[in-house]
Amino acid sequence: MSKPAFIHPKAQIWGKVEIGKDTVIEPFCVIHGPATIGKNNLIQAGTVIGSPAEHRTKKTGLSVIIGDDNIIGANSVITGATDIHPTTIGDGNLLMAGIHISHDCVIGNDNTFSHKVILAGECVVMDNVNMGSGSMAHQKTVIGSNAMVGMGSVLTKDVFPYLLVCGNPAKFHKINIHRLKGYRWSDDNSTNIIKFNELITKQNGDIIFEIKRFHEVCGKRGMQRIIYFEEGVYGSK
């Protein structure tokens, strides 16, 4: 049976904030409206949602929208949006303690952010992405679905779907085969790169779907702005 949202007496709600059923707001959280938070979320102690956008020239103008079934760890910060679109978090995400999501970011569904992940403004994280502890992304970075970012990595370019990247600046490490079950992957990364390219060439439905979504978000920023799985293999002229 669903229950009304539980808001701890020591949490603070400012302005117009809508909170769905079965959502729990723990003590010392601060939520600035306008904000919409869906059903069955756990917002852990000390988290701040909707704080002013960290931007020198733009004021906070739009809201924060959070979907259903998310866990947002203690002492996290999700800032309000400017005039682009609401700062948005989808459904089923696990965002561990101390994460920081800046203005106008869009987080998809079923992502996992380990502790202390930082996203600068206007980043897009698609679906089923795993970001390791302490990793961070430059403003306007796009991370494709089913990618993995190693802990402590610094993203200065967009990340192609299904890749594992790491380092400062982050570079391609290997294919994220854990998100591609059933294709008899090898322990040899070079072999997996060839097979991944073959799946793209053969128009594998799931992979092509995610690649198209990724490029729709990236727009026309060019190959030099994207971490591919091997230079010159995908998208070469």
For residues that are within 22 Å of residue 121 (Cβ to Cβ), touching a Leu at 6+ places or on another chain (Cβ under 6 Å) and surrounded by fewer than 20 Cβ atoms within 10 Å (Cβ to Cβ), tally how many sit in region 150-180. 0
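Within the bounds of region 53-70, is there any residue that is among the β-branched types (Val, Ile, Thr), touching a residue at least 40 places away in the same chain (Cβ under 8 Å) and assigned to a loop (DSSP other than H, G, I, E, B)?
yes
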Please find, within region 114-139, the residue that is surrounded by the most Cβ atoms within 10 Å (Cβ to Cβ) out of those that are of a type outside the set (Gly, Ala, Ser) and over 12 Å from the mean Cα position of the chain (by Cα). 116
Take the conditions part of a loop (DSSP other than H, G, I, E, B), in contact (Cβ under 8 Å) with a residue 12 or more places away in the chain and not assigned by TED's automatic domain parsing to the domain that holds residue 107 and apply them to residue 145. Does it pass? yes
Just to verify a result, which residue in region 1-18, among those that are of a type outside the set (Lys, Arg) and not in a strand (DSSP E or B), is farthest from residue 49 (Cα to Cα)? 1
When (1) closer than 24 Å to residue 217 by Cα; (2) part of a loop (DSSP other than H, G, I, E, B) are applied to residue 21, the one that fails is (1)
Residues located in region 35-52, provided they are part of a loop (DSSP other than H, G, I, E, B), touching a Pro at 6+ places or on another chain (Cβ under 9 Å) and crowded, with 18+ Cβ neighbours inside 10 Å: 46
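The values are calculated or read from the model by the stated rules, or taken from the named source; none is laboratory data. Remember, predicted model here, so these are calculated numbers, not experimental data. Glycine gets a Cβ as well: all are built from the backbone with ideal geometry, and neighbour counts include every protein chain shown.
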